[in-house]
Amino acid sequence: MELLQGAALDMEKCLRICNAALPTHGQFAALAKYEEWAGDLYVKINDLRPEIESVERAVTTYLKSIDHYDRFDHPASTAHIRWKIARVQDSAGIFGKAAREFREAAEGYRLASKKIPGSLNFFNETAAYMDAWAFIEEARHHHNEEQYLHAAENYQKAANLWSETRSWSFLSKHYTGCSFLEGGEAMSRQERPDSSRESFLAAVTAFREAKPGIEAQLKKTTDTDNLAETRRWIEINEPSQVLQRSDRTRRSKNAG
């Protein structure tokens, strides 16, 4: 933590010097990259010691980076920063704003695909990935508001998008399972215990079917963030976790 905080102070000094020098148009790319690095440092600090201040500083610095990237019309770089903003907002539970940033990122990647035709498939696939995450963030927001049917709908929309991608289709069953989970919550609140149980059991089946694909992806993944996310998917997929959630929901409803 001390090393990261020291690095952040150094980057803040770097940015003060750069901005005081009134950077020229040709220097905006370098300044945008420095601001992105500073935002990355605030994210790492937040990972070790979660605080809303670190999240806000990361987002503010990333937005400055976007402003400088926009000056020389580089939509792929802008979209990448939007992705980073969405991820840090997700980590802080700011799901509504994260959904908007994922959608902005998706539009940026689609714009980049038009500017760089040779990367059309890659950017369109990445845009679909961003759109799916926007639905997931909206589902999480609805879950927190106890709007479980809306959450179920958004998880299913994400699952449908995953199924259409080449790189991420293995996640489709997982998010179908998430949709069934939310449906089970909704049925429980409506005092329909049999339907709720059926929905939870359908989630178990979906998660069980998703597990081999996720485990295969785990063996191929080398990126640290992707490894952590993939392991989390596997943990959620455990049928025992789903059934425990079903039992907790039923007991909570009975107690109420």
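Against the numbered list (1) surrounded by fewer than 20 Cβ atoms within 10 Å (Cβ to Cβ); (2) of a type in the set (Ser, Thr, Tyr); (3) in contact with a helix residue (DSSP H, G or I) (Cβ under 6 Å, 6 or more places away or on another chain), THR176 comes up short only at (1).
Consider the stretch 78-123 and keep the residues that are in a loop (DSSP other than H, G, I, E, B) and within 12 Å of the chain's Cα centre (by Cα). The one that is surrounded by the fewest Cβ atoms within 10 Å (Cβ to Cβ) is GLY93.
Can you pull out every residue in the stretch 37-57 that is in contact with a Phe, Trp or Tyr (Cβ under 6 Å, 6 or more places away or on another chain) and touching a residue at least 40 places away in the same chain (Cβ under 8 Å)? Of everything in the stretch 37-57, just one residue is in contact with a Phe, Trp or Tyr (Cβ under 6 Å, 6 or more places away or on another chain) and touching a residue at least 40 places away in the same chain (Cβ under 8 Å), namely GLY39.
Taking the criterion of being on the phi < 0 side of the Ramachandran plot and either touching a Lys or Arg at 6+ places or on another chain (Cβ under 9 Å) or aromatic (Phe, Trp, Tyr) (or both), would at least one residue in the stretch 16-24 satisfy it? Scanning the stretch 16-24, I find no residue that is on the phi < 0 side of the Ramachandran plot and either touching a Lys or Arg at 6+ places or on another chain (Cβ under 9 Å) or aromatic (Phe, Trp, Tyr) (or both), so the answer is no. Filtering the stretch 58-75 to residues that are over 11 Å from GLU36 (Cα atoms) and in contact with a Phe, Trp or Tyr (Cβ under 7 Å, 6 or more places away or on another chain) leaves ARG71, PHE72.
Please tell me if ALA38 is closer than 29 Å to ASN19 by Cβ, surrounded by 19 or more Cβ atoms within 10 Å (Cβ to Cβ), touching a Ser or Thr at 6+ places or on another chain (Cβ under 7 Å) and small (Gly, Ala, Ser). It is true that ALA38 is closer than 29 Å to ASN19 by Cβ, surrounded by 19 or more Cβ atoms within 10 Å (Cβ to Cβ), touching a Ser or Thr at 6+ places or on another chain (Cβ under 7 Å) and small (Gly, Ala, Ser). The residues on offer are ALA186, ALA132, and the sole one that is modelled with pLDDT of 90 or more, aliphatic (A, V, I, L, M) and either surrounded by fewer than 21 Cβ atoms within 10 Å (Cβ to Cβ) or more than 13 Å from the chain's Cα centre (by Cα) (or both) is ALA186.
Okay, residues lined up against (1) among the aliphatic types (A, V, I, L, M); (2) at pLDDT 95 or above; (3) under 30 Å from SER54 (Cβ atoms):
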| residue | (1), (2), (3) |
| --- | --- |
| LYS84 | no, yes, yes |
| GLN89 | no, yes, yes |
| ALA98 | yes, yes, yes |
| GLU101 | no, yes, yes |
| ALA106 | yes, yes, yes |
| LYS114 | no, no, no |
| GLY118 | no, no, no |
| PHE123 | no, no, no |
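Candidates ALA202, ALA210: the one that is at pLDDT 90 or above and surrounded by 14 or more Cβ atoms within 10 Å (Cβ to Cβ) is ALA202. Within the stretch 47-64, the set of residues being surrounded by 14 or more Cβ atoms within 10 Å (Cβ to Cβ) and of a type in the set (Asp, Glu) comprises GLU56 only. For the stretch 161-183, the count of residues that are assigned to a helix (DSSP H, G or I), within 24 Å of ALA99 (Cα to Cα) and more than 21 Å from the chain's Cα centre (by Cα) is nonzero. Taken across the stretch 142-150, residues that are touching a residue at least 12 places away in the same chain (Cβ under 8 Å), acidic (Asp, Glu) and assigned to a loop (DSSP other than H, G, I, E, B) do occur, with at least one present.
The values are calculated or read from the model by the stated rules, or taken from the named source; none is laboratory data. Note that the structure is a prediction, hence the values are computed from the model and not measured. For neighbour counting, all protein chains shown are included, and Cβ atoms are generated from backbone atoms with ideal geometry for every residue, glycine included.
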